[in-house]
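*Asks:* One structure, pasted below without further comment.
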Amino acid sequence: MNQLLQALITGLLTGAGLIIAIGPQNAHVLRLGILRCQVLPTVLVCACVDATLIAAGLSGMGALVQASPILLQVAALGGALFLGWYGIKAARRAFHPQAMTIDRAGADAPSTASAAIGTALAFSLLNPHVYLDTVVLLGSIGAQQPPELRWWFGLGAVTASFTWFFSLGYGARYLAPLFARPLAWRVLDGAIAATMWAIAASLLIGRFAS
């Protein structure tokens, strides 16, 4: 029983360490959480994609991803284009003061559950770092666990993902009073734009630089 608990906690802490980081997915969840816009489908998709990729990694697909540079290059190009486009949208919001009220700031947020699901899938899948973190890294660490404990490690990592995304999505609403101020929206969207462009650039440099 102690071994099961240890594997569960190891997976929980390892998963949390990889998931709780500044990135496009978390920035998107934070913004929708503040707006209270399509939070449930967004956090569900993000957490479920993580769970699926973690399971794939524990099933041995990490080696396949590592051995497929073309797959990672395609994902890097698609992810860079998507993040660059989203960064432009965030920058336009930051430099357009008329849009900086809590009502107008949500004008371009997904208005339907299907739109929210599509956007969350894009943020979750169009980033090679997601595959490296969940499939390759967590899969490799999980593979070092004894076979009878491997899926307890995975359960811990999945628990970390669900806990984080639901906490971020639903906890962000407590920041709403702060974002009644136009300046706060401008700072947030400026930070989101910078984050998107930085990660897009890192994807292109990391995969296509000679």
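*Asks:* Using 0.36 nm times the number of residues separating Thr163 and Met61, minus their current alpha carbon distance, what extension gain do you get?
*Replies:* So the extension gain works out to 34.2 nm.
*Asks:* Once you keep just the Cα pairs under 8 angstrom separated by 6 or more residues, what percentage relative contact order results for the stretch 2-208?
*Replies:* 48 percent
*Asks:* Now for a different question. Estimate the FRET efficiency between Ile20 and Trp85 by the formula 1/(1 + (r/R0)^6), using the beta-carbon distance for r and 30 Å for R0, to the nearest 0.05.
*Replies:* It comes to 0.70.
*Asks:* Calculate log10 I(q)/I(0) of the chain for q = 0.09, 0.10, 0.12 Å⁻¹, where I(q) comes from the Debye formula with a single equal point scatterer on each Cα and nothing for solvent.
*Replies:* Debye curve over Cα of the chain, log10 I(q)/I(0) at q = 0.09, 0.10, 0.12 Å⁻¹: -0.37, -0.46, -0.65.
*Asks:* Hey, what angle do you get for helix 182-208 against the long axis of the chain, alpha-carbon based, 0 to 90 degrees rounded to 10?
*Replies:* That works out to roughly 40 degrees.
*Asks:* Sticking with this one: Rounded to the nearest 500, what is the 222 nm mean residue ellipticity of the chain from helices alone, with -39500 (n - 2.57) per DSSP H run of 4+ residues and division by all residues?
*Replies:* Result for the chain, helices only: -24000 deg cm²/dmol.
*Asks:* May I pose another question? As an exercise, use a Förster radius of 30 Å and the Cβ-Cβ distance of Leu183 and Ser111 to find the FRET efficiency, rounded to the nearest 0.05.
*Replies:* So the FRET efficiency works out to roughly 0.70.
Only the coordinates and a few stated rules stand behind these numbers; no lab work does. Nothing here was measured: the structure is a model prediction, and the numbers come from that model. With ideal geometry, Cβ positions are generated from the backbone for all residues, glycine too; neighbour counts draw on all protein chains shown.
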